[in-house]
Every structure is written in C-alpha cells, then in structure tokens.
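Engineer: To start, I am sharing the structure in question, which I have written as structure tokens.
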Amino acid sequence: MKIGFNTGRTDIIPFMEKIKVFLELGCNAIEFSMMSFEQEEKLNEYWDQIPWDRFSYCSVHALTHELIYKNDDKTKDFLTRLQDKHNKYDFDLVVIHPNLVEDWDVFSNYNLPFAFENMDHNQNFARDVKDMKEVFSNVDAKMVMDVNHCFTNDPTMQLANDFYVAFGQRIQEIHLSGYEKFHEPLYLTKQPQIIHAIPDKNIPIIIESTQKSLDDIVNEYKYVMQILKID
C-alpha cells in the first residue's frame, strides 16, 4: 500500500519536521502542495532537502485558486515552473482542479503527468461521472478520486463506486479526509464509510485532512490505517 499526506494541509507545522514525522509513521507516499503561490514559494526552500529516496510515490497538487488555466502568460509561467521541477524530481502525478480550466489545449504544451480531480458540492462542474467524462473528452489524462468530495455530493458513497466503474483505469490517486464543513480529520469525524469507499487499496492514498499539530498527524494516520486494515 502507498499512503501519505498532502503537505499543504499541515502548513502550521515546520516543513521538514512534518516530513520527518511522515517517514517515522511509515508513510511511503507524499503530495506536495502548490495550491497557492505562497505554498509554491515556500516549497522552493526545501526541494533539495527532501529525502526523495524514502518515498515510492510523489505527486504535486497544482494551484487551486489565484489561477484560471488558460492560454495566457500566468498559466504558462506556472506550468513551466512545474515542468522544470518535474524534470529534476520526476513526480508521479500533477493534480489539477478541472473547474478552473478555461482552455484545455494549454496542457498539451507540457510533458507533465496531469490528473484531474472530481469536485465537491460547492462547485458547478466535475462533480459526477457525466462531468468527468466531459473532462476526459477534452484531455487524455489520469484521474484523482477525492472520496471526501464524493461524500459531499452523495453521502451513500455510491458515487465513489460509479467513478471507479467508469474510470478505474484512469484513477491514479485517492484523496482522503473527513467531512463536516471542509476536510476535517477522520479520527475526529469518525466516518469510516468514507474510508471504506476506497475501491482499490493498491491506488496511492493521500490523506488531505487538515492537521493542526504533530499529534493530529499521528492520530489521523493510525485511525486511517486501522480502518484500512479492517477492509
């Protein structure tokens, strides 16, 4: 099993300190957050300090605000910086929110392992199978299935199964977190049904719940692993 955390959900904790805790817990996957320009800038301090050989799976979550992906200089500059990082560190995946895409053609200019994520109930696109089929009619890429987002649209979690039936070969990564209002820790929300909805534990799992302390990280990892081992 490949499992780990998204670095951006733990911004309150010093970067290298949380990397150390991830590894001590046994995490072998990681997602580096560039969900804002501020996070991208902070990451620039640490790229060469990251023990890359300790992780068997590494992805990057690209901007989720401050940018609409289209054929303009702002988009091209960001994707070019991502390409440069990928050329050096060889990410397994680059995650994009499809509701932020205005021009799909811009992605064809880069040799990046793009994947597009299903959206939550607050968005007006990419929430269901029909929408994601439209995404993949515009771009041949992988998919990230966010089971928190599935839950916000369908608390029965049938939607997660529907996504897997429709896009099983595309799904390259799972995003996992609890849900009350946003991305709360599962060890607090006690929503094992969200974890149970993961269709294939061979798909890398990235825990996206928000963590306010090192204890939160430890408790969340232990809870998630306990439920995964029951399945």
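Engineer: Out of the residues in segment 153-180 that are more than 24 Å from Ala141 (Cα to Cα) and under 18 Å from the mean Cα position of the chain (by Cα), which is surrounded by the most Cβ atoms within 10 Å (Cβ to Cβ)?
Structural biologist: Gly178
Engineer: A follow-up question, please. Which condition number does His183 fail, the rest of (1) closer than 20 Å to Ser59 by Cβ; (2) at pLDDT 95 or above being met?
Structural biologist: (2)
Engineer: Hey, another quick one. If Ile30 meets every condition in (1) within 22 Å of Val218 (Cβ to Cβ); (2) surrounded by fewer than 20 Cβ atoms within 10 Å (Cβ to Cβ) apart from one, which number is that one?
Structural biologist: (2)
Engineer: State all residues of segment 127-146 that are in contact with a strand residue (DSSP E or B) (Cβ under 6 Å, 6 or more places away or on another chain) and open to solvent by less than 20 Å² (accessible area, probe 1.4 Å); if no residue qualifies, say none.
Structural biologist: Once the filter is applied, which keeps residues that are in contact with a strand residue (DSSP E or B) (Cβ under 6 Å, 6 or more places away or on another chain) and open to solvent by less than 20 Å² (accessible area, probe 1.4 Å), segment 127-146 yields Val135, Ala141, Met143, Val144, Met145, Asp146.
Engineer: Cβ-Cβ below 9 Å, separation at least six or inter-chain, first residue in segment 182-198 and open to solvent by 40 Å² or more (accessible area, probe 1.4 Å), second part of a loop (DSSP other than H, G, I, E, B) and among the aliphatic types (A, V, I, L, M): which pairs?
Structural biologist: As it stands, the answer is Gln193/Met157; His196/Met157, since those pairs meet every condition given.
Engineer: A further question on this structure: Report, ordered by the first and then the second residue, all pairs with beta carbons closer than 8 Å, sequence separation of six or more or different chains, a first member in segment 76-97 that is within 17 Å of His61 (Cβ to Cβ), and a second member that is open to solvent by 70 Å² or more (accessible area, probe 1.4 Å).
Structural biologist: Hits for this filter: Leu79/Asn109; Gln83/Asn111; His86/Asn111; Leu93/Lys142.
Engineer: Only one residue in Asn124, Asn99, Asn118 is closer than 26 Å to Thr210 by Cβ, of a type in the set (S, T, N, Q) and either open to solvent by less than 10 Å² (accessible area, probe 1.4 Å) or under 12 Å from the mean Cα position of the chain (by Cα) (or both). Which one?
Structural biologist: Just one listed residue meets the conditions, Asn118.
The values are calculated or read from the model by the stated rules, or taken from the named source; none is laboratory data. Bear in mind that the values here come from a model prediction, so they are computed numbers and not experimental data. Counting neighbours? That spans all protein chains shown, and the Cβs are built from the backbone with ideal geometry, glycine included. Quick note on the areas: whole protein, heavy atoms, side chains included, nothing else; ligands and nucleic acids left out. Shrake-Rupley method; radii C 1.70, N 1.55, O 1.52, S 1.80 Å.
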